[in-house]
Amino acid sequence: MIQIRIGGWAGQGVVLAGTILSQTFSTVLKKNVVMTRSYTAAVRSGVTTSDIIVDDDYIYDLMITEPNVMIIMYQKTFDRYIDLIKKSDHVIIDSTMVKNIPEELKNIYKINASEIAEKISNPRISNMVLLGAYAKITGHIPIEALEKSVRMYVSKRFLDEDIKAIYAGYSL
Amino acid sequence: MKALEIKIDKNLCKGCGICVDVCPKNTLESSNEVNEYALFYPRVRDLDSCIVCRLCELYCPDFAIEVKEK
Amino acid sequence: MIEPGEYFVEGDLAAAYGAIKAGCKFFAGYPITPASEITQAMAELLPQVGGKFLQMEDELASISAIIGASWAGIKSMTATSGPGFSLMQENIGYAAMTETPIVVIDVQRAGPSIGQATRAAQGDVMQSRFGSHGDYENIVLSPNSVQEMFEFTVKSFNLAERYRVPVILLSDAEIGHMMERLVVPESINIIERKYAKTFDEATKYGDDLVPPMGRFGDGLELMVTGSTHKPDGTRDTGSPEIQSSLVTRLVEKINKNRKDIEDWEEMFTEDAEILVISYGATSRPAKGAVIKAREKGIKAGYFRPKVLWPAPENRMSKLKNIKKVILPEMSLRGYSMEIEKMFPGKFVHFPKVTGNVHTVSEILKKIEEELR
Amino acid sequence: MITANYIKNEYIRRMPSAFCPGCGDGQILNAIARAIDHLKLPRNEIAAVSGIGCSAWIPSPYLRVDSLHTTHGRPIAFATGLKVANPKLKVLVVSGDGDCTGIGGNHLLHAARSNVGITVIMVNNGVYAMTGGQVAPTTEHEYKTVTTPYGNPAFALNVSEVVAAAGASYVARWTTWHMNQLIRSIEKGLTKKGFSFIEVISQCPTYEGRILNMDHIQMLHWFRDKFKTDEKGVFRIGEFVDIEKPELTDELQKIIEKVRK
């Protein structure tokens, strides 16, 4: 079983990233996947998370309890889920957005995703950079599978930049 | 046009008197006769005066009046 | 449109797919979190199948419009959540009284009142059966996966058309907003409405107590009223016999056909000493916990009503060897009255009202605690 | 010659009605039936929807067409669903002033706004009659009713003006004195593509009569003398709106055609 939480601030594409990653596991890799999301009613504020649970068996737990991966895109989200972050095998952060990290926490993958995204087109695709980095760091998914999922979900207008972004993250 | 008969259905009439009021020729008048609901239904005062305008039929809320033409 | 095959979608969308597959041709709704996705999906999908979508001025109008449309002979649905569901109660009663087939999806959120718009809860279980005033019975289904959001929506339409009742698909924010694999099968069993060809036919019913339904525009000169009425639709609000025979039939119509309507899932119940009863989102971790308990040698069993109302009382009453029954649910009231009634003295309530669903370990811990 | 007897046999389910002696509801029933007859509309193409109140009983049970007698305030919403589901139907709503503008006011506004092709006949007697003479949204300022025993502190709603402003295709107001004009308006309403609204000022001999201290005949005379189509009247009657604009079910059909192309 793999448990992944993607956390950020509303508007950062947390749910989109979660959807694309879940679809990679479900539709492309034929695993059982449950993705749940948590957000507040406001459109442009508040902590937002996508929780992904992947298993070969049927999924009974709908809540993340022991995360394997935490992908964090915003400082407040980082602070809020610090307990889960401490338990997680892998922690991937957007180092442009999360700067304040307690010293005792080692093994945090700091990806300057927003900067990389900005160089490609705009910081809004930092979520895709992080997904690419996730594929590389964890080895959970082949990058081709992720690409396939992006192609299935993203509209033509944004496809090129999104593909560039996942490979940028993957090649770090 | 002349009326042959003005039929008042005693069981439908509620005795509201609208027909008597709207009749331009005073063909109808109130009566002291009551139907089974104890309502005073109207009676024909002067059949010959009827011009078959059928305003009574048009205004009757209860479909209780019928003017038969000659 | 919605080809057979595999999808990765959220529960709300799966429900919309199910509605389209069931033959729904009219949807009237009002936006509300976490059911808006159903409304949005229906707005997009319905015109593609020649159906019609209306966003109404409120939930009162939405349910009224779908009842009107149902009398014109088309399958109709609305979707809402707690606050809107409360508003709809008036005409859920009307649909029950006039025997109008409609489907209402309630994606439950935490209440009372506005509560938590984006968080799951299971506090509408009693309201889904008793929400409108007076005596009536309806049918309430409780899905626990994206797949079931699809399947149970189809089933809701089938039951509504079969028994001429309002059917409520009682989902929750967890299942409605959850993304999971959906498999749309090649063939789907659809039950179509039985129409009365003459006025006379519409006034008579057989052993199943369900009269064939007339359709507006067919020249039957139907009289449909929410007032107490004779079988031919004539309003008669003074007769004790007519009131009595009408409401008795509305209730008996469901009771008599219980066997066909009741639906549940069970596991390890033959030798279970401790039974976990659960429904909706909570039934997922509940089942996981029971499996874990068995691995530990605990004689635990799992029972899930798929149809909440009418409750599977016959089956539950046969579970004799049970020493304890645990009901985990996202409500302080939820389904507890019904389950406690079935298992007096054995009942243990395990509510969680944080807006989050139970975890497997929480329920497993509760099972172990109750064994001590 | 159309006689009342013919109208009764052809369009009326049964008589006597439950209306009080002298009530305008019977006249309105008569007017509706005559309008349908003038238009030669087949009865199976008409559906009548009503809510709660005395006037809700005009179509249900008395009008011999498919009739849907619904909950308080909601008939317009039910009718919208019925019309959208089967646009061939002429959907006629008969609603009282409380039903239509009090509890159901929101539905009225939005049906007018969306220009759904239904015909609403609002029977306005200025009072909640069926429940025993309580104040209505159409009760004049300072009038005494059983729930405004010291006079109505609020003001009456000019419903036709509101509906006109909301975007209806056809709006008219008549009284039960103006039977021929009313019949013509109902005919127009039924043939109008979009949302049509006909307000009928009607006499309630039982409760309104008590408030105004008039009997029903006096009220009819009051309608005759004070309700005018020009400035001469204390109250304005007549046709207020008669326009052509896209109708809702047509627009929905266009969407279907666009999407399925």
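Every number in this text was worked out from the coordinates using simple rules, so none of it is lab data. Source: prediction; values computed, not measured. Glycine gets a Cβ as well: all are built from the backbone with ideal geometry, and neighbour counts include every protein chain shown.
When C:GLU295, C:GLU273 are checked against the criterion of being closer than 30 Å to C:LYS352 by Cα, surrounded by fewer than 18 Cβ atoms within 10 Å (Cβ to Cβ) and free of Cβ contacts under 8 Å to residues at least 12 places away in the same chain, a single residue qualifies: C:GLU295.
Selection within the range D:204-249: residues that are among the basic types (Lys, Arg) and more than 22 Å from D:VAL162 (Cβ to Cβ). The member of this set that is nearest to the other protein chains (Cβ to nearest Cβ) is D:ARG224.
Of the strands (runs of 3 or more DSSP E) entirely within the range C:1-114, those holding at least 3 residues that are buried (at least 21 other Cβ atoms within 10 Å of the Cβ), among the aliphatic types (A, V, I, L, M) and at negative phi occupy C:102-108.
Scan the range D:32-46 and tell me whether some residue there is more than 30 Å from C:TYR30 (Cβ to Cβ), without any contact (Cβ under 8 Å) to a residue 40 or more places away in the chain and within 15 Å of the chain's Cα centre (by Cα).
yes
Filtering the range A:112-126 to residues that are under 16 Å from A:VAL154 (Cα atoms), out of contact with any Ser or Thr (no Cβ under 6 Å at 6 or more places or on another chain) and not in a loop (DSSP other than H, G, I, E, B) leaves A:ARG124, A:ILE125. Checked against (1) more than 22 Å from C:ALA65 (Cβ to Cβ); (2) over 14 Å from the mean Cα position of the chain (by Cα), D:LYS245 meets all criteria but (1). Would the range B:40-51 turn up any residue that is touching a strand residue (DSSP E or B) at 6+ places or on another chain (Cβ under 7 Å) and hydroxyl-bearing (Ser, Thr, Tyr)? Taking every residue of the range B:40-51 in turn, at least one turns out to be touching a strand residue (DSSP E or B) at 6+ places or on another chain (Cβ under 7 Å) and hydroxyl-bearing (Ser, Thr, Tyr).
Results for (1) surrounded by 15 or more Cβ atoms within 10 Å (Cβ to Cβ); (2) out of contact with any Asp or Glu (no Cβ under 7 Å at 6 or more places or on another chain); (3) part of a helix (DSSP H, G or I), shown as yes or no for each residue.
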site	(1), (2), (3)
B:CYS13	yes, no, no
B:CYS16	yes, yes, no
B:ASP21	yes, yes, yes
B:LYS25	no, yes, no
B:ASN32	no, yes, no
B:TYR37	no, yes, no
B:CYS53	yes, yes, no
B:LEU58	yes, yes, yes
B:ASP62	yes, yes, no
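Out of the range D:3-19, which residues are more than 8 Å from chain B (Cβ to nearest Cβ) and either more than 24 Å from D:ASN86 (Cβ to Cβ) or acidic (Asp, Glu) (or both)?
Passing the criteria: D:TYR6, D:ASN9, D:GLU10, D:ARG14, D:ALA18.
Here A:LEU105 meets each of (1) assigned to a loop (DSSP other than H, G, I, E, B); (2) surrounded by 14 or more Cβ atoms within 10 Å (Cβ to Cβ); (3) among the hydrophobic types (A, V, I, L, M, F, W, C) with one exception, condition (2). Can you find a residue in the range C:210-229 that is away from every other protein chain (no Cβ under 14 Å), of a type outside the set (Asp, Glu) and in contact (Cβ under 8 Å) with a residue 40 or more places away in the chain? The answer is yes; a qualifying residue exists. With a requirement of 2 or more residues that are within 30 Å of D:LEU92 (Cα to Cα), the helices (runs of 4 or more DSSP H) lying completely within the range C:150-263 that satisfy it span C:240-256. The set of residues in the range C:315-372 being on the phi < 0 side of the Ramachandran plot and of a type in the set (Gly, Ala, Ser) consists of C:SER317, C:SER331, C:SER336, C:SER361.
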